[in-house]
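S.K.: Let me begin by handing over the structure; questions about it come next.
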Amino acid sequence: MSAALCLLTYAAVVAAAAPRVLIRLTRRGNAPRLGVVAWIVAIGSVGASAVAATTVAVVDLARSPSRPGTSLMHACEQLARILVGEHSDPTSQYAAAALVTAAVAVTALTGVRLARHLSASRRSTHGHARTARLVGRPLVGHDAVVLDAPQRAAYCVAGRPNAIVVTSAALDALDDGQLEAVLAHERAHLTGRHPQVLAVVRALADTVPRSTLLRTGATEIARLLEMCADDRAMRTHSPRALLRGLIALTGPAPSAALGAGNVAVLDRAGRLASPPRALDRARTRALLTAAIATLAGLPLAAAALMLAGRMLCITALV
């Protein structure tokens, strides 16, 4: 098996299996930060493996399009054919070249589409933040702006500078303690750069819409990031105040923003009302750490084994 095929096989297996495994490990929100890392590592390992497979195939093809034995991958393939009594034919070589060319084209197109999605998202969020600061009025005593709207909503938007937005209806519905907890939640998003993380994941999901891993990952990462912000807000505010503030916010946030009351509300409310036990958190952390190590370590181990195998192939041919 060539290096490229090995990497593609790994990517396919992880893309198919990771969503089910990670959903089971992260659904209760016992360790939301590690959950986000696990999803990102899974997505990154699949993408990196696919790109690496294409690169390996291109390099091998460029090294030896017509001279058997000078390409490392070709050397291994030739050795395998010799061992089973088969020989290379021009048709298979042309087919391999066509597949490599198609893979390069798909990879390049995906990169261009991803860049466009990210650029459009950045323009949208920065424009929304700028408009909110221009149209809204400062919330006295807080780093937020107020927009007059009948919906009860609070959200943050990445920009230069960032903006935390609270609607006038939300101000009427929240008492001082609840407002402070909600604003702490939104600050946690901005401090942790959650909008940027989610923008990249959503751009990937939009670029490759048929990928279950990316679609599910974007949804689950958004849910876990809200839980991360909840945990950060609870360091300085009571779970009760945050829970009541969460329930009071019923209005939707813009698509480019992170809102306190419009993502996984029931899951987060249950978690705030009944926090996970220490033993459950420790067990989940251990399982997620093992999953992260596996997802990050397998490609590296496979790369090392493939390099060693190639050297053995070259030695045998020489």
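Bear in mind these aren't lab numbers, they're just calculated from the coordinates by the rules spelled out. Here the structure is a predicted model, which means the values were calculated and not measured. Quick reminder, even Gly has a Cβ in these numbers, built from the backbone with ideal geometry, and neighbours come from all protein chains shown.
S.K.: Please list, in order along segment 172-177, the HN-Hα scalar couplings obtained from phi with the Karplus expression 6.51 cos²θ - 1.76 cosθ + 1.60 (θ = phi - 60°), rounded to whole Hz, x for Gly and Pro.
M.R.: 5, 8, 9, 7, 4, x
S.K.: Go ahead and run the numbers for FRET between ARG137 and ARG193, Cβ-Cβ distance against an R0 of 22 Å, rounding to 0.05. Working shown, then result.
M.R.: Values: r = 27 Å, r/R0 = 1.22.
In this case the efficiency is close to 0.25.
S.K.: Using a Förster radius of 41 Å, what is the FRET efficiency between THR55 and VAL265 based on their Cβ-Cβ separation? Nearest 0.05, please.
M.R.: 0.40
S.K.: Just report the Cα centroid separation between segment 152-183 and segment 255-295, whole Å.
M.R.: Using only Cα atoms to place each centre, the spacing works out to 23 Å.
S.K.: Just to verify a number: FRET efficiency for ARG24 and VAL208, C-beta to C-beta distance, R0 = 25 Å, to 0.05? Show your work: numbers first, answer last.
M.R.: On the way: r = 23 Å, r/R0 = 0.94.
With R0 = 25 Å, the Cβ-Cβ based efficiency is 0.60.
S.K.: Highest first, please rank the peptides 145-157, 179-191 by the mean number of other Cβ atoms sitting within 10 Å of their residues. If you can, show how the numbers build up before the last one.
M.R.: Numbers: 145-157: 19.5, 179-191: 22.6.
Answer by packing, highest mean first, reads 179-191, 145-157.
S.K.: Assuming 0.36 nm per residue, please report the length gained on full extension of the stretch LEU171 to THR250 beyond their Cα-Cα distance.
M.R.: Fully extending the segment from LEU171 to THR250 adds 27.2 nm.
S.K.: Let me ask you something else. How large is ³J(HN,Hα), in whole Hz, for each residue of segment 146-158 in order, when computed from phi with the Karplus curve 6.51 cos²θ - 1.76 cosθ + 1.60 and θ = phi - 60°, using x for Gly and Pro?
M.R.: Rounded to whole hertz, the list is 10, 10, 6, 7, x, 7, 8, 8, 9, 7, 10, 9, 6.
S.K.: Show me, for segment 275-292, the HN-Hα J-couplings you get by feeding each phi into the Karplus relation (A = 6.51, B = -1.76, C = 1.60, θ = phi - 60°), rounded to Hz, glycine and proline as x.
M.R.: x, x, 6, 4, 5, 5, 5, 5, 5, 5, 4, 5, 5, 5, 4, 5, 5, 5
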